[in-house]
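Presented below is the structure to which this report refers.
The values are calculated or read from the model by the stated rules, or taken from the named source; none is laboratory data. From a predicted model like this one, the values you see are computed outputs, not experimental measurements. Here the Cβ positions follow ideal geometry from the backbone for every residue, glycine too, while neighbour counts run over all protein chains shown. Side chains included, ligands, DNA and RNA excluded: accessible areas come from the protein's heavy atoms. Shrake-Rupley method; radii C 1.70, N 1.55, O 1.52, S 1.80 Å.
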Amino acid sequence: MGLFGTFGFKEAGLYDEYEKLNPDITIKETVIERNENYYPQLLNHLTSNSGLADVQAIEVANIAEVVDTQSDRFVDLGKVDGASKDAFLDWKWQQATADDGKTIGLGTDVGPMAVCYRKDHFKAAGLPTDRDEVAKLWAGDWEKFLDAGRDFKENGPEGVAWVDSADAVYDGAIASSEGKYYDESGEVIYKDSQDVKDAWGIAATAAEEKLTGNLEQFTKQWDQAMSNGDFATISCPAWMLGYIQEKGGTKAEGKWDVAQSPKPGNWGGAFLGVPESGPNKDEAAKLVAWLTAPEQQAKLFAERGNFPSAPPAYDMEAVKTATNPYFGDAPIGELFSASAQEIPVQTIGPKDQVIDDNIGNGLQLIEQGKQDPDGAWDEAVKAVDNALDQ
């Protein structure tokens, strides 16, 4: 298994379970923490046809490019026993399916949005701590999220930022929009997209007003800040629960909780693919079909919070009644199911990650005091256009 980030299969006991069911199989995984480092390596290995694992993960921001340019290098998982199109969200299945009908990856999860928050910091700032009351602070409007942040900055603990990063605020806001970087015909529209302008405006304001912790997600500094409790909120797709639990450790257990996001949206999610050149591709395809089956997705959600991309899992007790003791017994099944049902279906493009990364870099310029919002946007656009012209 070649993975990025924290998929949680091993931690949820799924490898052990599969190995017991299949005594001749041994599963090993290699993990690169940041997809920005993982994905270029995957492309290099696909191009050279070497260095590939039997199973390779693909992030949703990259799936369109992989489908467009690399589909001949992957097994058609749509034809594997145990894999059924009907078991997956239709838009999730289509994201990994080429024009010729070949499905190069099976969805592991989707990322319905919430906001995770530190109850101890909210209490210190005089803000409500009950998750329903917290959600009312910003219901329906990311501007209200900033208003709550301004109250927190005024009254909250010294040295604790309202939110970890402007980039994460942007990711949360753009995830809840109808549009993103491409239109339905495949044209790049990010510069003229009102959705992008609105999400940028929210995030840039958070940065300019110093509501953010000036942190870059998935770095050691971010991990340490999470461990230390240096920020009070974080945009929280379901898969983020596992990160918080892992990085926060026992000293933060019970201090975090989960509230509905200002608007429903989807941030992230991934696929598992099987390279054609792999020596064990038949067994690898069976493993991928098993790991992404509704029953296993339900178990993974119950243990790690990764929300299923397979709707049949939603009615399983492991999802429907799931609570998470680390997050104050938050009803995560009910909460993320409600968000998942309202996710706007966005058009994703082959260079979504390139555009997203450079917009994030622009927001960092504001956080670091190197540019005002207009100058940072110009820098981001210049970087995106240069990257897309390459």
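Whenever you get a sec, compute what percent of the accessible area on the chain sits on carbon and sulfur atoms (1.4 Å probe).
44
Please determine, in degrees from 0 to 90 and to the nearest 10, the orientation of helix 60-70 with respect to the longest principal axis defined by the Cα atoms of the chain, where the helix direction is its Cα long axis.
Roughly 40 degrees, rounded to the nearest 10.
Rounded, prolate or oblate: pick one for region 278-374, where a ≥ b ≥ c are the square roots of the eigenvalues of its C-alpha gyration tensor, a/c under 1.5 means rounded, and failing that, prolate if a/b is larger than b/c, else oblate.
In terms of gyration-tensor shape, oblate.
Quick check on region 70-141: what are the equivalent-ellipsoid semi-axes from the Cα gyration tensor, as sqrt(5λ), descending, whole Å?
43, 11, 11
Checking the cross-link filter: which aspartates and glutamates have an alpha carbon closer than 18 Å to that of K255, excluding same-chain neighbours under 8 positions apart?
D120, D130, D132, E133, E158, D164, D223, D230, E246, D329
Rounded to whole Hz and in sequence order, give me ³J(HN,Hα) for region 303-311 from the Karplus expression 6.51 cos²θ - 1.76 cosθ + 1.60, θ = phi - 60°, writing x for Gly and Pro.
Calculated HN-Hα couplings, in order: 8, 10, x, 5, 7, x, 8, 10, x Hz.
Output wanted: per-residue J couplings in Hz (rounded whole) for region 361-374, from phi through Karplus 6.51 cos²θ - 1.76 cosθ + 1.60, θ = phi - 60°, x for Gly and Pro.
Computed from phi, the couplings for region 361-374 are 5, x, 5, 5, 4, 5, 4, 7, x, 8, 8, 7, x, 5 Hz.
Name the shape class, rounded, prolate or oblate, that the alpha-carbon gyration tensor gives for region 13-164, where a ≥ b ≥ c are the square roots of its eigenvalues, rounded holds for a/c under 1.5, and otherwise prolate holds if a/b is larger than b/c and oblate otherwise.
prolate
Just tell me which lysines come within less than 25 Å, Cα to Cα, of K180; anything on the same chain fewer than 8 places away is out.
Result set, ordered by chain and number: K92, K144, K191, K197, K263, K351, K382.
Calculate the dipole size of the chain relative to its Cα centre from +1 charges on Lys and Arg beta carbons and -1 charges on Asp and Glu beta carbons; express the result in debye to the nearest 20.
800
Quick check: from the Cα gyration tensor, does region 144-279 come out rounded (a/c under 1.5), prolate or oblate?
Oblate shape, in that a/c is at least 1.5 and b/c is the bigger or equal ratio.
Sorted by mean Cβ packing within 10 Å, highest first, what order do the peptides 109-119, 134-144 take?
109-119, 134-144
Show me the ranking of peptides 269-275, 177-183 by mean Cβ neighbours inside 10 Å, starting with the highest.
Highest-to-lowest ranking by the protection proxy: 269-275, 177-183.
Count charges around D195 for me, please; just the other residues with Cβ under 10 Å from its Cβ, Lys/Arg as +1, Asp/Glu as -1.
Neighbour charge sum, excluding D195 itself: 0.
Quickly estimate the mean residue ellipticity at 222 nm for the chain, helices only: each DSSP H run with n ≥ 4 gives -39500 (n - 2.57), and the total goes over all residues, rounded to 500.
Helix contribution divided over all residues of the chain: -13500 deg cm²/dmol.
Once the other residues with Cβ under 10 Å from the Cβ of D164 are scored (Lys, Arg +1; Asp, Glu -1), what is the net sum?
-3
Can you give me the C-alpha center-to-center distance between region 244-272 and region 160-233, rounded to a whole angstrom?
If we compute the Cα centre of each part, the gap is 15 Å.
Just order 371-380, 27-36 by mean Cβ neighbour count inside 10 Å, highest at the front, would you?
Averaged packing, sorted descending, gives the order 371-380, 27-36.
Net charge around G82, counting only other residues with Cβ within less than 13 Å of its Cβ (Lys, Arg = +1; Asp, Glu = -1)?
-2
Long-range amide H contacts for G265: which residues qualify at under 5 Å (H placed 1.01 Å from N, peptide plane, sequence gap of 5 or more or a different chain)?
M113
Excluding ligands, DNA and RNA, what is the solvent-accessible area per residue of the chain at a probe of 1.4 Å, expressed in Å²?
42
If N is the number of residues in region 238-309, what value comes out of its Cα radius of gyration divided by 2.2 N^0.38 Å?
Its radius of gyration relative to the 2.2 N^0.38 Å reference: 1.42.
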